[in-house]
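Asks: First the structure, which I've put down as structure tokens, then a few questions once you've had a look.
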Ligand code: GTQ
């Protein structure tokens with residue numbers, strides 16, 4: 001210690017390099033070499049803005065449909081992988097997105113897992129997701145939830161192919177190393193029916209709920225509702241748009257809520273819809289929740305940082321954390337979006353900035 005060189009001198013620097021080399025085999029590393037990359041003054045993200053044109057993705061998915069059955073695949077899905085995170089199967093650092101195809105007559109076998117999932121219907125009408133043995137009949141642009149550890153199977157008893165967007169928190173669960181998954185015992189494909197389709201919507205979806213502790217309280221009390229039909233959310237947006245000016249940063253926006261607590265739809269995932277009237281352009285806004293969007297209706301443009309994208313119906317795009325987003329509606333533009341805001345808000349991390 002006594003004959004140590006002056007800190008910052010060339011001699012000290014070269015001794016430090018020698019120290020790093022000696023420590024490395026014991027898995028010890030100096031924080032001061034990496035601190036500024038670890039604790040950054042603002043978010044840095046590998047996630048890149050990206051747009052997937054629906055028609056191109058759909059063509060590939062239908063080809064896969066000729067080559068592998070839903071049963072063989074367990075889930076026949078094309079992953080929307082972020083170009084900034086090759087090999088990750090992730091669309092953002094915390095979320096996954098995929099397009100799932102079920103052909104007429106097929107079933108995707110029943111399973112459950114610790115990942116939370118949402119389904120947003122892209123095309124087709126009349127297939128189902130069954131949650132703990134209750135079917136939700138899926139119509140275009142319906143939102144259906146499969147919260148963690150609840151049994152779910154999908155099937156298509158309609159006459160047309162059915163495609164929906166799967167949004168899951170797979171990267172989040174991977175981060176916590178908390179993935180568990182299982183199939184129904186004895187190779188069973190479908191969960192036995194526990195309630196008629198629409199039962200949960202009737203009991204919990206109309207500002208009503210069964211008395212706690214009674215036999216009528218069938219669903220988990222902390223997250224009862226799992227089907228948010230397009231016909232309902234679209235009507236709410238239309239009524240809003242008739243009655244008031246759009247918010248300058250969001251347009252007319254509504255978040256899907258869990259009726260049990262008024263919070264986001266699942267512990268890790270928040271979802272919303274918005275309507276931008278024809279000719280409206282938002283002011284730039286950024287937020288820490290990277291968001292996956294689906295164009296439900298209309299045409300327009302998105303500017304994400306310095307990237308410009310043309311939006312057409314059913315296209316999908318991703319906005320990274322803390323990139324500024326501006327949207328312009330050429331005709332009435334309706335978007336669905338999901339993000340990890342639900343998790344970030346619980347952790348005290350979520351921020352936004354409006355210009
Ligand atoms: O339907 O349960 O896209 O478990 C990825 C993993 C869908 C599903 C996906 C899954 C599912």
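Asks: Percent relative contact order of the range 104-198, based on C-alpha pairs within less than 8 angstrom and at least six residues apart? Before the final figure, lay out the partial values.
Replies: Working: 232 pairs, mean separation 39.8, N = 95.
Relative contact order comes out at 42 percent.
Asks: Rounded to whole Å, give me the distance from the Cα center of the range 146-163 to that of the range 176-208.
Replies: Between the Cα centre of the range 146-163 and that of the range 176-208, the gap is 11 Å.
Asks: Compute the angle between helix 54-67 and the longest alpha-carbon principal axis of the chain, please, reported from 0 to 90 degrees and rounded to the nearest 10.
Replies: Value to nearest ten degrees: 70.
Asks: I want to verify the translational diffusion coefficient of the range 64-118 in µm²/s; compute it with Stokes-Einstein, Rh as the Kirkwood radius over Cα pairs, at 37 °C and 0.692 mPa s.
Replies: On the way: Rh = 12.6 Å.
The calculation lands on 260 µm²/s.
Asks: Quick check on the range 133-195: what are the equivalent-ellipsoid semi-axes from the Cα gyration tensor, as sqrt(5λ), descending, whole Å? Numbers along the way, then the final one.
Replies: Values: eigenvalues 109, 65, 22 Å².
After scaling each eigenvalue by five and taking roots: 23, 18, 11 Å.
Asks: Can you show me the helix-derived [θ] at 222 nm for the chain, built from DSSP H runs with n ≥ 4 at -39,500 (n - 2.57) apiece and divided by the number of residues, rounded to the nearest 500. Walk me through the intermediate numbers first.
Replies: Numbers: 8 runs with 68 residues, N = 355.
Taking each H run of at least 4 residues, the total per residue is -5500 deg cm²/dmol.
Asks: Determine the distance separating the Cα centre of the range 303-318 from the Cα centre of the range 58-94; give it in Å without decimals.
Replies: The range 303-318 and the range 58-94 have Cα centres separated by 20 Å.
Asks: Another one. Just want to confirm a number: the relative contact order over the chain, from Cα pairs under 8 angstrom separated by 6+ residues, in percent.
Replies: 15 percent
Asks: Show me, bin by bin at 5 Å from 0, the whole-percent P(r) of the range 35-131 based on Cα pairs.
Replies: Answer for the range 35-131: a P(r) of 2, 10, 18, 20, 19, 13, 7, 4, 4, 3, 1, 0 percent.
Asks: Which ordering of 116, 110 is given by a fewest-first count of other beta-carbon atoms within 10 Å? Can you show the working numbers first?
Replies: Details: 116 25, 110 21.
Sorted ascending by nearby Cβ count, the order is 110, 116.
Asks: Where Rh denotes the Kirkwood radius from the mean inverse Cα pair distance, what is Rg over Rh for the range 198-279? List each step's numbers first, then the result.
Replies: Values: Rg = 15.1 Å, Rh = 14.3 Å.
Taking Rh as the inverse mean 1/r over Cα pairs, Rg/Rh reads 1.06.
Asks: Where the eigenvalues come from the Cα gyration tensor of the range 256-355, what are the semi-axes √(5λ) of the equivalent ellipsoid, largest first, in whole Å? Present the calculation step by step, with values, prior to reporting the outcome.
Replies: On the way: eigenvalues 112, 51, 24 Å².
They are 24, 16, 11 Å, listed from largest to smallest.
Asks: Gaussian network model of the chain, Cα springs within a sub-10 Å range: biggest mean-square fluctuation belongs to which of 29, 175, 293?
Replies: Maximum among the listed residues: 29.
Asks: If neighbour count is taken as other Cβ atoms inside 10 Å, put 137, 304, 170, 269 in order from fewest to most.
Replies: Fewest-to-most Cβ neighbours within 10 Å comes out as 137, 304, 170, 269.
Asks: Between 86, 46, 171, find the one with the highest GNM mean-square fluctuation for the chain; connect C-alpha pairs within less than 10 Å.
Replies: Largest GNM mean-square fluctuation: 86.
Asks: Next question, about the same structure. By how many degrees, 0 to 90 and rounded to 10, does the Cα axis of helix 230-243 deviate from the longest principal axis of the chain?
Replies: So the helix axis and the longest Cα principal axis differ by about 80 degrees.
Asks: Here's something else I'd like to know. How big is the convex hull of the Cα atoms of the range 119-228, per residue, in Å³?
Replies: Numbers: hull volume 14.6 nm³, N = 110.
So the per-residue hull volume is 133 Å³.
Asks: A further question on this structure: Cα-Cα pairs above 18 Å in the range 104-171: how many percent?
Replies: Numbers: 689 of 2278 pairs.
For the range 104-171, the fraction of Cα-Cα distances above 18 Å is 30 percent.
Asks: Out of every Cα pair in the chain, what percent are spaced more than 35 Å from each other?
Replies: Counting pairs separated by more than 35 Å, the tail of P(r) holds 31 percent.
Asks: How do 149, 350 rank when sorted from fewest to most other Cβ atoms within 10 Å of their own Cβ? Write out the running numbers ahead of the final one.
Replies: Values: 149 14, 350 17.
Ascending Cβ contact count within 10 Å gives the list 149, 350.
Read the figures in this text as sums done on the coordinates, not as results from a lab. In this text the structure is predicted, and so the values were computed from the model without any measurement. No Cβ is skipped: glycine too gets one built from the backbone with ideal geometry, and neighbour counts run over all protein chains shown.
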